[in-house]
Amino acid sequence: MLELDNVTVRFGGLAAVDDVSLRASPGEVLGLVGPNGAGKTTLFNAISGLVRPSAGAIRFHGADVARQPMFRRARLGIGRTFQIPQPLHQLTVRENLVVAQRFGTGKVDDARIAELLDFTGLAGKDGRDAATSLALTELKALEVAKALATGPKLLLLDEVLAGLETAAKRRFMAMLRELPDRFGVGIVIIEHDIETISALCPRVAVLDFGRLIADGAPADVFRDPEVMRSYVGAGGKHA
Ligand SMILES: Nc1ncnc2c1ncn2[C@@H]1O[C@H](COP(=O)(O)OP(=O)(O)OP(=O)(O)O)[C@@H](O)[C@H]1O
């Protein structure tokens, strides 16, 4: 479904993503980890169209999307969340989903919106405005609901679990586990916590200074000395 070939993203002299080749299959749940500044979000930005790669190919279901604008990639089925929730603050929760649907599919589907509100635990909050009346957990749920409202086949989740307290995290993990079957999406998820990523993802890819240094089953990857060095080198706070 997603094919990255030798993707590099440069900011001046810095290769934030450095010659990364990676594949994700339909319905697959892939973890993306690495220390702070490793290039994870930049890779998401390159896939979703927020930054343009300096080199390399990005294909989605066979189509070369590397030069396509964000909305076109969204229409093809690439959806994403942002690390810091980015609702349209002046709009209500429901209106946020309407905008996301228009962006991703071009039309509004009220039944689907009701389903998404229910699924993400936001039913009953649909009339609230996003800026002033939602707690962090609800903002994160809205971020997931918005991404789903664009009708994705691939969902890029950028630290949706970070900062959640234990009960909310458990709820979110159950929600994420349901996504592939219920909504027919594959997932790439950025997450720092090794235990969480191992519980959610049969496969994990590791970035370090922009380079892909490991790709495989969590049990193998997190035993790899180079991976552990990169975590410990980053202060050991993720290990
Ligand atoms: N727009 C930008 N301009 C210049 N440098 C950038 C830009 N965006 C990211 N960088 C740099 O690129 C590198 C990779 O950043 P990125 O945010 O992708 O890392 P990350 O792995 O997502 O980190 P974190 O876990 O902290 O979110 C960092 O050195 C960062 O400072």
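A few remarks follow.
- Selection within segment 94-122: residues that are of a type in the set (Val, Ile, Thr) and farther than 21 Å from ALA174 by Cβ. The member of this set that is farthest from the chain's Cα centre (by Cα) is VAL108.
- Residue tally, condition crowded, with 22+ Cβ neighbours inside 10 Å and among the β-branched types (Val, Ile, Thr), over segment 157-184: 1
- Taken over segment 186-235, the criterion of being buried (at least 16 other Cβ atoms within 10 Å of the Cβ), assigned to a helix (DSSP H, G or I) and of a type in the set (Val, Ile, Thr) is satisfied by ILE194, THR196, ILE197, VAL221, VAL227.
- Scan segment 1-20 for residues that are more than 15 Å from the ligand (Cβ to nearest atom), assigned to a strand (DSSP E or B) and touching a Lys or Arg at 6+ places or on another chain (Cβ under 9 Å) and the total you get is 3.
- Filtering segment 50-64 for residues that are in contact (Cβ under 8 Å) with a residue 60 or more places away in the chain and either small (Gly, Ala, Ser) or within 16 Å of the ligand (Cβ to nearest atom) (or both) leaves an empty set.
- Residue check: GLY104 meets all listed conditions (1) crowded, with 22+ Cβ neighbours inside 10 Å; (2) over 30 Å from ASP18 (Cα atoms) but one, namely (2).
- Complete set of residues in segment 172-201 that are more than 16 Å from the ligand (Cβ to nearest atom), within 16 Å of the chain's Cα centre (by Cα) and within 18 Å of SER25 (Cα to Cα): LEU176, ARG177, GLU178, LEU179, PRO180, PHE183, GLY184, VAL185, GLY186, ILE187, LEU200, CYS201
- The single condition among (1) farther than 20 Å from VAL144 by Cβ; (2) in contact (Cβ under 8 Å) with a residue 24 or more places away in the chain; (3) near the ligand (Cβ under 9 Å from one of its atoms) that GLN83 does not meet is (1).
- Just one of the listed residues (LYS140, LYS146) is of a type in the set (Lys, Arg) and either free of Cβ contacts under 8 Å to residues at least 60 places away in the same chain or under 23 Å from GLY37 (Cα atoms) (or both), and it is LYS140.
- Residues that are in a loop (DSSP other than H, G, I, E, B) and of a type in the set (Asp, Glu) were ranked within segment 151-185; the one that is farthest from ARG112 (Cα to Cα) is GLU165.
- Residue that is farthest from the ligand (Cβ to nearest atom), among those in segment 36-49 that are surrounded by 15 or more Cβ atoms within 10 Å (Cβ to Cβ) and part of a loop (DSSP other than H, G, I, E, B): GLY49
- Residues that are closer than 14 Å to ALA145 by Cα and in contact with a strand residue (DSSP E or B) (Cβ under 7 Å, 6 or more places away or on another chain), drawn from segment 90-129: THR92, GLY104, ASP126
- Of all the numbered requirements in (1) buried (at least 19 other Cβ atoms within 10 Å of the Cβ); (2) among the basic types (Lys, Arg); (3) assigned to a strand (DSSP E or B), ARG73 misses one, and that requirement is (3).
- Filter result for ALA114 (at pLDDT 95 or above, in a strand (DSSP E or B) and surrounded by fewer than 22 Cβ atoms within 10 Å (Cβ to Cβ)): no
The values are calculated or read from the model by the stated rules, or taken from the named source; none is laboratory data. Values in this document were obtained by computation on a predicted structure and should not be read as measured data. In this analysis, Cβ positions are derived from the backbone assuming ideal geometry, glycine residues included, and neighbour counts consider all displayed protein chains.
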